[in-house]
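Worksheet: one structure, shown below.
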Amino acid sequence: MSSSNGVVLDVDKLQMRYGATDVLRDVTFQARRGEVLVMLGPNGAGKTTTIEILEGFRRRSAGRIAVLGADPEQGDEHWRSRIGVVLQSWRDHAKWRVRELLDHLSTFYRPYFIDRVQEPWNTAELIALVGLTEQAGDRIATLSGGQRRRLDVAIGIVGRPELLFMDEPTAGFDPAARRDFHDLVHRLSDLEDTTVLLTTHDLDEAEKIADRILILAGGRIIADGSADELSRTIAGEAEVRWTVDDQRFVHTTTESTKFVHELFKQHGDRIGELEVRRASLEDTYMTLVRRHESGEVASTVHTLAEVAR
């Protein structure tokens, strides 16, 4: 599969087995150019294993994969130059200074920019992009945990990748740093046309940045869709809260718009507070995982596809 048609990741029936244990079973999905895809799932669901296979760091047991048009097990140096990786943690480089390290790493990518439209990052611009300008001359060993994580992101994008993998990228970030990171992801996808695949345990983060969300449980994809699609389709009920003459009422319905219309026909100006609360991504996620763990494994992905039709 070539990425020229906009498909950057094409994964078909991916399987990973250790001995008699299936870690991944028939994992199938695609990602297109400029898309932000977030992978959610409980610990042990197979998120990190999936990413490591796509990066070419781990051999799969079965299935077909095309990453930027190539099988990651056969990817050469030119192919790797088009991919960025942000691991869960780095444990080296402590004696380097921030600017020196990024200058050094950028030299490895420059030969591969000959046939690319973009120019390599200017190091000062890259450092500013991840919010480390004041620490540019500092030794990495002196950085705080959040600053070190920002540097990890800079290392991952130093080659201006077409495809960026991130495993728990905001671990240790404070709220301001997390917000800056979300802005960075949107800039990469919107302006750089970078495809981003990341894992996170932060459901609020997933809802803010994802174009699509994959939910893994037990080595399978049990849901695939936008946060709104998942919330609306999987947990389709809404909770309507309102007051009439200062008396409070609550009603759960799958047709909230129709219900609210009927409320106003019946009570008119007597209605005081009115709130319609739809299922959050967290509600949906917990419902799906519990459903899977209880043995209700009918494919949610199929349900979404049927609803879309």
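Could you tell me whether region 80-87 includes any residue that is in contact with a Pro (Cβ under 7 Å, 6 or more places away or on another chain) and not hydrophobic (A, V, I, L, M, F, W, C)?
yes
Name the residue, out of T142, T123, that is at pLDDT 90 or above, surrounded by fewer than 16 Cβ atoms within 10 Å (Cβ to Cβ) and either of a type in the set (S, T, Y) or not assigned by TED's automatic domain parsing to the domain that holds R80 (or both).
Only one candidate passes the filter, namely T142.
Looking for something surrounded by fewer than 18 Cβ atoms within 10 Å (Cβ to Cβ), free of Cβ contacts under 8 Å to residues at least 60 places away in the same chain and under 30 Å from L214 (Cα atoms) - is there at least one such residue anywhere in region 97-119?
No.
Starting from residues that are at pLDDT below 95 and either closer than 19 Å to R160 by Cα or of a type in the set (A, V, I, L, M, F, W, C) (or both), keep the ones in region 8-31 and report whichever is surrounded by the most Cβ atoms within 10 Å (Cβ to Cβ).
Step by step, filter region 8-31, then rank; the result is V23.
Condition check: within 17 Å of I157 (Cβ to Cβ) and more than 14 Å from the chain's Cα centre (by Cα). Does L197 satisfy that?
no
Being more than 25 Å from the chain's Cα centre (by Cα), closer than 18 Å to E192 by Cβ and either β-branched (V, I, T) or assigned by TED's automatic domain parsing to the domain that holds L9 (or both) narrows it down to one of V153, V86, V117, so name that one.
V117
Being at pLDDT below 85 and of a type in the set (S, T, N, Q) is the filter; apply it to region 193-233 and report the residue that is surrounded by the fewest Cβ atoms within 10 Å (Cβ to Cβ).
Of everything passing the filter in region 193-233, T233 is surrounded by the fewest Cβ atoms within 10 Å (Cβ to Cβ).
May I ask you to list pairs of residues, at least six apart or on different chains, whose Cβ atoms are under 6 Å apart, with the first in region 47-73 being touching a residue at least 24 places away in the same chain (Cβ under 8 Å) and surrounded by 18 or more Cβ atoms within 10 Å (Cβ to Cβ) and the second being of a type in the set (A, V, I, L, M, F, W, C) and assigned to a loop (DSSP other than H, G, I, E, B)?
Listed pairs, sorted by first residue: A66/M1.
Kindly list the number of the only condition in (1) modelled with pLDDT of 85 or more; (2) surrounded by 12 or more Cβ atoms within 10 Å (Cβ to Cβ); (3) in contact with a Ser or Thr (Cβ under 7 Å, 6 or more places away or on another chain); (4) not in a helix (DSSP H, G or I) that fails for G236.
Answer for G236: the failing condition is (1).
The values are calculated or read from the model by the stated rules, or taken from the named source; none is laboratory data. Everything numeric in this text was worked out from a predicted model, so none of it was measured. Here the Cβ is made from the backbone with ideal geometry for all residues, glycine too, and neighbour counts use every protein chain on show.
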